[in-house]
1. How large is ³J(HN,Hα) for each residue in segment 52-63, as worked out from phi by the Karplus curve 6.51 cos²θ - 1.76 cosθ + 1.60 (θ = phi - 60°), to whole Hz, x for Gly and Pro?
2. Put +1 on the Cβ of every Lys and Arg and -1 on every Asp and Glu Cβ in segment 19-154; which of I39, P117, V58 then has its Cα farthest towards the positive end of the dipole?
3. What residues qualify as long-range amide H neighbours of G57, i.e. H under 5 Å apart, gap of 5 or more or another chain, H built at 1.01 Å from N?
Amino acid sequence: MGQLIKMGKPDIAQETRQYLTFTLAGEPFAVSTLSVKEIIEYGQLTCVPMMPPSIRGVINLRGAVVPVIDLGAHFGGRQTEVGRRTCIVILDVDHADEQQVVGVLVDAVNEVLEIAPADIEPPPAFGAHIRTDFILGMGKVGGRFVILLDIGRVLSVDEFAALTQVSETAPSE
C-alpha cells in the first residue's frame, strides 16, 4: 500500500505562535499577537452610565470610540487599580462576522513570547480564577504556566451588544 500524502495548507495548529503576555492581579495571561493592534499607556477614560462594572469606559483612539474592558472585574475579581505600568491593550476581536476594536485594561504588559503547540496544555478542569471556556490552554514557559486567553470567548454576546451600544452612544472627544 502507498503512503497517504496530505496536500493543502500547512496545519496552523502545529506552528509556533507568538503571544503577548501581561499581568492581571498578579497572574500571567497571554493573547495571540494576531489579535493585538497596539498597546497604549493608560489615559483618561470617559465613563458611560448604566454599564456593567467590567466596562470601565471609552477612549478616543484617533477619532474612533473604543470601549475599555477591565479584565480583572470581568473575571469576577476586583477592578484593576491604575498604577505606573497599567496599560490598555487594543485588540481586534472577531464577533458575528465582523471586527470589533476593544481595549482591555491590564496591570502591566510583559513581553512577546513564542510558544510551540507542544508546550501548550489543555485548560485545567478546576482551580483557575476564570471560566475554562475563556482559556485556549496553559502555555509552559520557563517552568511556569501562562494562561492563554481566547479573547473572542472572553467577551460574551451580551457584552458585545453592550460594547456596540457604548461605541454608538458615547460622546466623541
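1. x, x, 6, 9, 6, x, 10, 10, 9, 10, 6, x
2. V58
3. Those qualifying (amide H under 5 Å, at least 5 residues apart or on another chain) are V68.
Only the coordinates and a few stated rules stand behind these numbers; no lab work does. Just so it is clear, the model here is predicted, and its values are computed rather than measured. For neighbour counting, all protein chains shown are included, and Cβ atoms are generated from backbone atoms with ideal geometry for every residue, glycine included.
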